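Engineer: Structure in C-alpha cells, see below.
The values are calculated or read from the model by the stated rules, or taken from the named source; none is laboratory data. Nothing here was measured: the structure is a model prediction, and the numbers come from that model. All Cβ positions, even for glycine, are placed from backbone atoms using ideal geometry, and neighbour counts span all protein chains on display. Quick note on the areas: whole protein, heavy atoms, side chains included, nothing else; ligands and nucleic acids left out. Shrake-Rupley method; radii C 1.70, N 1.55, O 1.52, S 1.80 Å.
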Amino acid sequence: MSLVSEISSDKEAYDELARCGGAPLWHHLKSMFSHEPHSTAVPFCWSYEKLRPLASYFAEHLPIEDAQRRVLMLVNPQLQDPPATLGSLFAGFQVLLPGEQAPAHRHTANAFRFITEGHGAYTTVDGERVPMNTGDFLLTAGWQWHDHYHAGDQPMVWLDGLDFPLVNMLEVGFYEQYPDGVQKPLVPEGLSTKQFIHGRLNPLWSEPSRVNSPIGNYPWTETNRALEAIADHAEGSEYDGTVLEYSNPWTGGSVLPTMSCRIQRLKPGFSGRPRQQTPGIIAHVIRGEGTTIVGDTTLNWKKNDVIAIPGWQKYRHINDSKTNDAVFFTFSNEPAIRSLGFYREQLD
Ligand code: GTQ
Ligand code: FE2
C-alpha cells in the first residue's frame with residue numbers, strides 16, 4: 001500500500017496533519033525563531049503616588065482574612081493573563097495594617113520584599129521572626145513557611161518580588177497552607193542576620209544547607225553604610241552607576257538561584273550610556289527622580305515608583321538632578337538566564 005495514495009490535495013494533507021496532532025514547522029519558523037528577542041512586555045512606570053491611595057482604600061475596606069495577602073499587583077499592560085510584571089517576574093505592593101496577621105503558607109516560588117514604608121512588622125520565615133523596617137531587604141526563599149504580622153502603629157507597605165511566572169512556565173508550582181495559620185518562633189529573632197550579615201566573617205559551625213542565601217533580612221543600615229562609604233569615590237559603571245549586589249554569604253553569588261537583587265546609585269547629573277541585556281529588570285525607586293529611556297519609551301520616575309525594563313530592549317538611565325543622587329532597588333532573572341547559558345548583553 002502506498003503511503004500517499006489517499007491524500008489528493010495540500011488542503012487534505014494539512015487537515016489530516018492537524019487531525020494527527022501535527023503541524024508544519026515551515027509555517028511557524030519565522031515567529032518561533034526570531035533574529036533576536038522581542039519581549040511581549042512593554043516598558044512601564046507604576047506611579048506610587050497613584051497606587052498608594054488605593055492601598056489605603058483596600059486596607060480599609062478589604063479585611064486581611066479575606067485577602068490573605070493584600071497585594072496590588074504591578075501588571076504589565078501587555079501581560080494581563082496570566083498577570084506578570086515582566087515575562088518571568090512579578091512585583092506587587094503589599095499593605096499590612098497594625099495588628100494584622102497574614103496567614104502562613106509556602107510555595108515553590110521564591111519571594112523577597114523591599115520595605116517601602118513603615119516599621120514594626122515582622123515576617124516569620126521557617127520559624128525565624130525577621131523584622132521589617134523601611135529600606136530593609138528580606139528573603140523568603142521557595143518552600144519556606146512564611147506569615148506576616150504587624151506589631152507597629154503605622155501602615156506598612158512593601159514591594160514583593162517573586163519568580164512565580166517562571167515557576168508556572170516550568171510547571172513546577174506547589175503550594176501549601178500552614179495548618180495553624182501562624183508559626184511559632186523556633187529560634188531567636190533575627191538570628192540569620194546576626195549570624196551571616198558580616199560578609200567577610202562567616203560561621204563555620206554549619207554547612208550550606210540550601211541553594212539560596214541564609215540571610216532573612218539585609219537591613220537598610222548595612223545597605224546605607226555601603227552606599228555612604230562608596231559615595232562618589234568609585235567611578236561605577238558608565239551604564240548603570242554604582243551597583244551593589246545583595247549576596248549569598250555561602251557563595252558570594254546572587255541571593256537566589258533565579259533572581260539577583262541589587263542596589264543601584266546614580267550620582268547627581270548621571271547620564272548613563274545605553275545598553276541592553278537579555279534579562280529584564282524591575283527597579284523600585286528608593287530616592288531621587290529621573291528618567292529612563294527604554295527603546296522609544298521615556299519613563300519619568302520619582303521616589304517609590306516602580307519601572308519595568310523588558311529584556312533585550314536598549315535602555316539608559318538619567319538622573320536629572322544636579323544636586324541629589326537617585327537610588328534604585330532592582331531585581332532581574334539574570335542568575336536563571338546565566339545558568340542556562342542564555343545571558344547576552346550589548347554595550348553601546
Ligand atoms: O507575601 O506571601 O505578592 O505569597 C504574592 C504571593 C506576596 C506573600 C505576593 C505571596 C506573597
Ligand atoms: Fe507567599
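Engineer: Work the Kirkwood hydrodynamic radius out for the stretch 281-340: mean of 1/r over every pair of different alpha-carbon atoms, inverted, in Å.
Structural biologist: 12.2
Engineer: Taking H as built 1.01 Å from N, whose amide H comes closer than 5 Å to the amide H of residue 253, not counting residues under 5 places away?
Structural biologist: Answer set, sorted by chain and number: 248.
Engineer: Can you tell me the convex hull volume per residue for the stretch 160-287, based on C-alpha atoms, in Å³ to the nearest whole number?
Structural biologist: 166
Engineer: On a 0 to 90 degree scale, rounded to 10, what angle separates helix 10-19 from the longest Cα axis of the chain?
Structural biologist: The angle comes out near 40 degrees.
Engineer: Right, another one. For residue 180 and residue 200, FRET efficiency with R0 = 56 Å and r from the beta-carbon atoms, rounded to 0.05?
Structural biologist: 0.90
Engineer: Using a 1.4 angstrom probe on heavy atoms only, work out the carbon and sulfur share of the accessible area of the stretch 177-218 in %.
Structural biologist: Answer for the stretch 177-218: carbon and sulfur cover 61 percent of the accessible area.
Engineer: May I ask you to work out the translational diffusion coefficient for the stretch 1-63 at 20 °C, viscosity 1.002 mPa s, via Stokes-Einstein with Rh from the Kirkwood sum over Cα pairs, reported in whole µm²/s?
Structural biologist: Taking Rh from Cα pairs, D becomes 121 µm²/s.
Engineer: For the stretch 96-220, state the average projected area of the convex hull of the C-alpha atoms over all orientations, rounded to one decimal in nm².
Structural biologist: Directional mean of the projected Cα hull area for the stretch 96-220 stands at 8.1 nm².
Engineer: If r is the Cβ-Cβ distance from residue 221 to residue 324 and R0 is 30 Å, what FRET efficiency results, to the nearest 0.05?
Structural biologist: It comes to 0.90.
Engineer: Moving to a separate point now. Among the GluC sites (Glu not before Pro) within the stretch 224-299, which fall in a DSSP loop and have no more than 10 other Cβ atoms within 10 Å of their own Cβ?
Structural biologist: 235
Engineer: Still on this structure, please answer the following. Once the piece of chain linking residue 170 and residue 27 is laid out straight, how much longer is it, given 0.36 nm per residue of separation minus the C-alpha distance between them?
Structural biologist: So the extension gain works out to 48.9 nm.
Engineer: Run the Debye formula on the Cα coordinates of the stretch 133-205, all scatterers equal and no solvent, and tell me log10 I(q)/I(0) at q = 0.12 1/Å.
Structural biologist: The computed values of log10 I(q)/I(0) come out as -0.53.
Engineer: Which values of log₁₀ I(q)/I(0), to two decimal places, follow from the Debye formula for the stretch 28-139 at q = 0.15, 0.18 Å⁻¹ with a uniform point scatterer at every Cα?
Structural biologist: Result of the Debye calculation: -0.79, -1.07.
Engineer: In addition: Roughly how many Å² is the accessible area per residue of the chain, as a whole number, for a 1.4 Å probe?
Structural biologist: Heavy-atom accessible area per residue stands at 52 Å².
Engineer: Now, a different point. Note down the Stokes-Einstein diffusion coefficient of the stretch 243-348 in µm²/s, whole number, using a Kirkwood radius over alpha carbon pairs, 10 °C, and 1.306 mPa s.
Structural biologist: In µm²/s, the coefficient is 112.
Engineer: I'd like the carbon and sulfur percentage of the solvent accessible area for the stretch 1-80, probe radius 1.4 Å, heavy atoms only, ligands and nucleic acids excluded.
Structural biologist: Percent of accessible area from carbon and sulfur atoms in the stretch 1-80: 60.
Engineer: Turning to a different aspect of this structure: Just to verify a number: what accessible area does residue 122 come out at with the full protein assembly present, 1.4 Å probe, Å² rounded to tens?
Structural biologist: Near enough 40 Å² of accessible area.
Engineer: Once the Cα gyration tensor of the chain is found, what semi-axes does its equivalent ellipsoid get, as square roots of 5 times the eigenvalues, in whole Å, sorted largest first?
Structural biologist: 38, 27, 21
Engineer: Oh, and also: Calculate the spin-label point distance for residue 237 paired with residue 101, positioning each point 7 Å from the Cα along the beta-carbon direction, and give it in nanometres.
Structural biologist: 4.4
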